[in-house]
Every structure is written in C-alpha cells, then in structure tokens.
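Values quoted throughout were computed directly from the atomic coordinates according to the rules given, and no laboratory measurement underlies them. Keep in mind that this is a model prediction, so the values were computed, not measured. So basically every Cβ, Gly included, is an ideal-geometry build from the backbone, and we count neighbours across all protein chains shown.
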Amino acid sequence: MSGEFKGEQIVITGAARGIGATLARDLLVEGASVALLDSLADALSDTASRLGHEFGAERVSAHVVDVSDSSAVDAAIAGIEAHAPITRLAHVAGVLQMGRVTELTDAQWLHAFNVNTTGVFNVTRAVARLMADRGYGAIVVVGSNAADTPRQAMGAYCASKAATHQLVRCLGLEMAEHNVRCNIVSPGSTDTDMQRGMWADDSGRDNVIRGSLEGWKLGIPLKRIAEPDDVSEAIRFLLSDRARHITMHDMRIDGGATLGIR
C-alpha cells in the first residue's frame, strides 16, 4: 500500500461490478475513501458491503443513482461533497447497445446516448463545478476504442462513445485554467459481464482474440483479453499526480486491437 490517494474522497460511477468495482478496491488499497454510484442496487450493495468489511465501512459509501437522471446525480454529488471534498472522479458507467443502424429503435438509440453520453455530461458537470471552485481535481472517463473504430451492429454504442470522447476533451480544455485535468481511458475487449454477454458460447474469448474478417474486426495482437485490473491501472495513473501534466488525453488499453489508429 503506497497511500498515493490517502485521505482523498473519490467518486466512482458504474462501481457495482467489473472495472468500477475493481477500481474501487484498488483505490481503497491506496488509502482513498470511495463513493460508489450505480443503478444496480443489489450488486452495488453487495460490493459496498464487501469493501466496507475489508477496508472499513467509514471509507465506503454507496449511492443508487441512474446517471442519466441529472436531478438524481446532482443530489448524490451534493450529498457526497457535504461529507468530504471530492478530489477525483472516475466515470466508468456505461451500457452496451447492439443492433444494426437500420434496425435500431428510437428507444435503443436514446438509451445508449442517455447513459453513455448524457450520463457523463451530468456527472462530470456536477463534479467539475466543485473542482473548479477549489482549483484542483482530476477526472477520468472510461470511453471505448470503438469511439474511433467502426463496428458492425454497434452504431449506437460507437456513436455515443465518440460523442463522449469529444465532450471530455472540451471539458478538459475549459477546466485547464482551474487546474482540473480531464482524461479518457479507452478499453478494448475486457473480461467483464458486458463482454461475456456478447459471447455466444465458450469459444467467445478465442474468437475475440482471433478477430473476424467476415465481421471486419481485427484480433488482438497481444493475444489476450484485458482484465479489469489492466484498465484500473490506467485510470489510477491518470487520476494521480504522477499524470499532473496530462489532460485531454485518450489512453487506449486494447492490446493493439485497433493498431493505435485514431
């Protein structure tokens, strides 16, 4: 335990499972207190209870919030801030929406943008205002390598992530004068419930690594799917003061799956 984030309060959205839950534990190991936000009430309660038992309940708070609801977000952030200043934010929450563009419904399209883009807007706006007033802070948003790479049957997801990447860059430019850094981490295929939900059978992992010419999708040159720890490591670096001169950056964590092309 290095204590890199000792005494700080860090907000994590999408914290009930996957990358968010892994990040929460890693930040607790580093000395932070964490405020966990998610819309999955049961999973969030389980994660918060487990982490509270391991690290102390006083260092873990859980908030059931739909990030697409700006009023709910504002109320949660205000309550967290009243407890202790929010020094850093990791926005991990997101949804996967599959479907060919010509077959997507209005509801599917809007759901992808409501969570993946408007949700980021709601949360980062609320937290950035507080950080700007203090003249200090760091924000990391989990995007996707699909923001820059066309994918079949993923038009809504890709478009919502692309919009979010540009939103975070604009926010980073506006917040620079307030000493608030805003960066993006863009995972590729990562071993989470979202990824496994895309697999038809036990060969899913191997198929992703191999790629698909038929689906116009490259494989992964490093021949492994990322673990949540790989993404957490990148988020923690960009949140930390080790990255004090990095802002508006997009760090891709995909094993070379998009050949580093933007």
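Ratio to report: Rg/Rh of the range 82-232, with Cα atoms as the point set and Rh obtained by the Kirkwood method; give two decimals. Numbers along the way, then the final one.
Values: Rg = 17.1 Å, Rh = 16.7 Å.
Value, to two decimals: 1.02.
For Lys6, the aspartates and glutamates whose Cα comes closer than 15 Å to its Cα, not counting residues fewer than 8 places off in the same chain, are Asp26, Glu30, Glu58, Asp241.
Determine the sum of side-chain charges near Arg169: Lys and Arg each +1, Asp and Glu each -1, restricted to other residues whose C-beta is under 14 angstrom from that of Arg169. Please list the in-between numbers first.
Numbers: positive: Lys161, Arg181, Arg262; negative: Asp148, Glu174, Asp250.
Charge balance near Arg169 sits at 0.
In whole Å, how far is the Cα centre of the range 73-127 from that of the range 145-167? With the range 73-127 and the range 145-167 each reduced to a Cα centre, they are spaced 15 Å. Span-like helix criteria (full DSSP H runs; alpha carbon extent of at least 18 Å along the helix axis; mean Kyte-Doolittle hydropathy of at least -0.5) are satisfied in the chain by 41-55, 70-83, 119-134, 155-175.
Using the Cα centre of the chain as the reference point, and only Cβ charges (+1 on K/R, -1 on D/E), how large is the resulting charge dipole? Debye, rounded to the nearest 20.
Numbers: 25 positive and 32 negative charges, 134 e Å.
I would put it at about 640 debye.
Among Cys182, Cys170, Cys158, which comes first, then next, by fewest other beta-carbon atoms within 10 Å? Walk me through the numbers before you get to the answer.
Numbers: Cys182 27, Cys170 12, Cys158 20.
Neighbour counts put them in this order, fewest first: Cys170, Cys158, Cys182.
A prolate overall shape is assigned to the range 55-165, the ratio a/c of its alpha-carbon gyration tensor axes (a ≥ b ≥ c) being 1.5 or greater and a/b exceeding b/c. With contacts taken as Cα pairs under 8 Å at a separation of at least 6 residues, the chain carries a relative contact order of 18 percent. Considering only Thr13, Ala153, Leu36, whose Cα is most displaced toward the positive end of the charge dipole of the chain, charges sitting on Cβ of Lys, Arg (+1) and Asp, Glu (-1)? Final value for the positive-end residue is Ala153. Neighbour counts of C-beta atoms inside 10 Å place Trp216, Trp109 in the sequence Trp216, Trp109, starting with the fewest. About its Cα centre, the range 58-195 has a charge dipole of approximately 320 debye under the convention of +1 per Lys or Arg Cβ and -1 per Asp or Glu Cβ, with nothing else charged.
Here the relative contact order of the range 1-156, from alpha carbon pairs under 8 Å that lie six or more residues apart, stands at 24 percent.
Listing His245, His111 from fewest to most neighbouring C-beta atoms within 10 Å gives His245, His111.
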